[in-house]
Protein chains: 2
Amino acid sequence: MTVSLYTASVPVFQQMLGSLADLLAKSQTHATEKKIEPAALLQSRLFPDMFPLIRQVQIACDFARGVSARLADIEVPKYDDKETSFEELQTLISQTQTFIAGIAPAQFDGGEEREIVTRPGTPKEKRFSGSSYLLSYGLPQFFFHVTTAYALLRHNGVEIGKRDYMGLK
Amino acid sequence: MTVSLYTASVPVFQQMLGSLADLLAKSQTHATEKKIEPAALLQSRLFPDMFPLIRQVQIACDFARGVSARLADIEVPKYDDKETSFEELQTLISQTQTFIAGIAPAQFDGGEEREIVTRPGTPKEKRFSGSSYLLSYGLPQFFFHVTTAYALLRHNGVEIGKRDYMGLK
């Protein structure tokens, strides 16, 4: 019994990107209501050598785009990650949703066996089959950054819950 | 192009449970070396109404067992979640790994279309197909708790990194 690589990736990213957008919208409202400077949340970290919230969101979007594009064998779009506000993060998420929504399930055909090389030519180069790239690398990375964004917001007192993270309507 | 529901679940859980065991082993060593009371880590939370580390690990294991068992249509094993030490958490993870390793891929046959009902008879009851249960519910929940455990340890200064979280050898 099987699922397609498309089903195991794009809809999962869509669900969690929608959740991430909602979490950030609630956080922005929270900041406004409590007179919290947005940067106090956007630049918050769980530890000094961890990435701040803004970067967690950028990386989550980057994985959603990059994993989908590599599995569909199309060019990975380049972004310059210059967001500095909640509004710009919402735009980034929305662009990411639009990009992956534009990939047709048929473009994933053959993706399971396609060799995918991450960080080619570097000491961190890794080679995967498409399915192993998604399941052992892409999804764990993507969920890591979405969950860390959630953890950062919860740690800073934003009133969100697991239900918001799950993004199930 | 497809992957089996087994491939999209059990090996993913195995990878991340191995990572969780390593993260906890490093944390225990860190606590010993720095003369930190183990409970200071085990009972730590990112916010007062979030679950502490010990509970995050228990829930991650619970999802690994429960999702695998429901997809294979076998009884979900009951655990009483009484762990109070790093050693007991390691035993819990190890038992969880053994349980899911004992499920044969063939037992997942038909799981994609099997209706799965979570929290039956409660106001939170939800009905899923097997594949949607895994992809829209089980994996997001499982990764949430593994990542939150990682975030808690990082927040408390344990020297671990993304590489440890990924659990890729």
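Things worth noting here:
- Qualifying positions in the stretch B:68-113 - free of Cβ contacts under 8 Å to residues at least 40 places away in the same chain, outside any loop (DSSP other than H, G, I, E, B) and in contact with a Phe, Trp or Tyr (Cβ under 7 Å, 6 or more places away or on another chain): B:ALA72
- Checklist (1) at the interface with another protein chain (Cβ under 10 Å from one of its Cβ atoms); (2) at pLDDT 95 or above; (3) loosely packed, with under 15 Cβ neighbours inside 10 Å applied to B:GLU87, failing item: (1)
- Residues of the stretch B:128-169 satisfying the condition of being facing chain A (nearest Cβ under 7 Å), in contact (Cβ under 8 Å) with a residue 24 or more places away in the chain and touching a helix residue (DSSP H, G or I) at 6+ places or on another chain (Cβ under 7 Å): B:LEU135, B:LEU139, B:PHE143, B:THR148, B:ALA151, B:TYR165, B:MET166, B:LEU168
- Qualifying positions in the stretch B:1-29 - open to solvent by less than 30 Å² (accessible area, probe 1.4 Å), farther than 18 Å from B:GLY66 by Cα and either away from every other protein chain (no Cβ under 11 Å) or of a type outside the set (Ser, Thr, Tyr) (or both): B:VAL3, B:ALA21, B:LEU23, B:LEU24, B:SER27
- Members of the stretch A:86-128 that are in contact with a Leu (Cβ under 7 Å, 6 or more places away or on another chain) and of a type outside the set (Phe, Trp, Tyr): A:LEU89, A:GLN90, A:ILE93, A:THR96, A:GLN97, A:GLY111, A:GLU112
- The single condition among (1) of a type outside the set (Ser, Thr, Tyr); (2) more than 8 Å from every other protein chain (Cβ to nearest Cβ); (3) open to solvent by 50 Å² or more (accessible area, probe 1.4 Å); (4) over 17 Å from the mean Cα position of the chain (by Cα) that B:GLN95 does not meet is (4).
- Residue list for the stretch A:102-117, filter: within 13 Å of another protein chain (Cβ to nearest Cβ) and open to solvent by 60 Å² or more (accessible area, probe 1.4 Å): A:PRO105, A:ALA106, A:GLN107, A:ASP109, A:GLU113
- Restricting the stretch B:35-58 to residues that are touching a residue at least 60 places away in the same chain (Cβ under 8 Å) and assigned to a helix (DSSP H, G or I), the residue that is most open to solvent (accessible area, probe 1.4 Å): B:ALA40
The values are calculated or read from the model by the stated rules, or taken from the named source; none is laboratory data. This one's a predicted model, so the numbers in the text were calculated from it and none came from an experiment. Here the Cβ is made from the backbone with ideal geometry for all residues, glycine too, and neighbour counts use every protein chain on show. Protein only, heavy atoms only, side chains kept; ligands, DNA and RNA dropped before computing areas. Shrake-Rupley method; radii C 1.70, N 1.55, O 1.52, S 1.80 Å.
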